[in-house]
Amino acid sequence: MLIDAVFSFDSIITAGGTAKHVEIMIAAVVIAMTIMFLFSPKISGFIHKHPTLKMLALSFLVMIGLSLVIEGWDSHSAEQLHLKNYIYFGMAFSFVVELLNMTMMNRQKKRRIVQLNEPVLKQEEKNLSDEAK
């Protein structure tokens, strides 16, 4: 809950810093909050069902934060190296791989594949006295 609040305030601050017209910024934040409140139970259920997607999203946030730090440090070099293109391509590739993994897992669940254990052979007990057992 605390993380959601931090990200919400972060989005509002970002919108305020990038908007030229305050009215548009206010409308965008109100619309975004309304959509977030309407769809949050469904999104929360989906994320709880697929925890790897949650980890992927958190790693995307770290990558975006790192790219912002690099751009703040030397924006000219970051622009010449097309840093954003590489980062977004890597993120898109990771997301597609995760979607393929989720599709594969759903297909395996539908097939109901039974995994058999290897047979365990009983060891023969030798005629030992009660003290040796």
Note to self: Yes or no: the stretch 68-86 includes at least one residue that is in contact with a Leu (Cβ under 7 Å, 6 or more places away or on another chain), surrounded by 10 or more Cβ atoms within 10 Å (Cβ to Cβ), closer than 23 Å to T52 by Cα and modelled with pLDDT of 85 or more.
What the structure shows: no
Check: Can L53 be described as in a helix (DSSP H, G or I), among the hydrophobic types (A, V, I, L, M, F, W, C), at pLDDT 85 or above and surrounded by 10 or more Cβ atoms within 10 Å (Cβ to Cβ)?
Finding: yes
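Is it true that some residue in the stretch 88-95 is aliphatic (A, V, I, L, M), assigned to a helix (DSSP H, G or I) and modelled with pLDDT of 80 or more? Lay out the reasoning, then the answer.
Going through the stretch 88-95, the residues aliphatic (A, V, I, L, M) turn out to be 91-92.
Retained after the next criterion (residues that are assigned to a helix (DSSP H, G or I)): 91-92.
Going one step further and asking which of them are modelled with pLDDT of 80 or more, we end up with 91-92.
Looking through the stretch 88-95, at least one residue is aliphatic (A, V, I, L, M), assigned to a helix (DSSP H, G or I) and modelled with pLDDT of 80 or more.
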Item checked: Contacts under 6 angstrom Cβ, first residue in the stretch 40-59 being without any contact (Cβ under 8 Å) to a residue 40 or more places away in the chain, partner surrounded by 11 or more Cβ atoms within 10 Å (Cβ to Cβ) and of a type in the set (K, R), 6 or more apart -> I47/K54
Check: Out of all the residues in the stretch 56-81, which are among the charged types (D, E, K, R) and part of a helix (DSSP H, G or I)?
Finding: E71, E79
Next item on the list: May I ask you to verify whether K84 is within 12 Å of the chain's Cα centre (by Cα), of a type in the set (D, E, K, R) and part of a helix (DSSP H, G or I)?
Entry: no
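The values are calculated or read from the model by the stated rules, or taken from the named source; none is laboratory data. Given the structure is predicted, the values throughout are model-derived calculations rather than measurements. Neighbour counts are summed over all protein chains in view; Cβ atoms, including those assigned to glycine, are modelled from backbone coordinates with ideal geometry.
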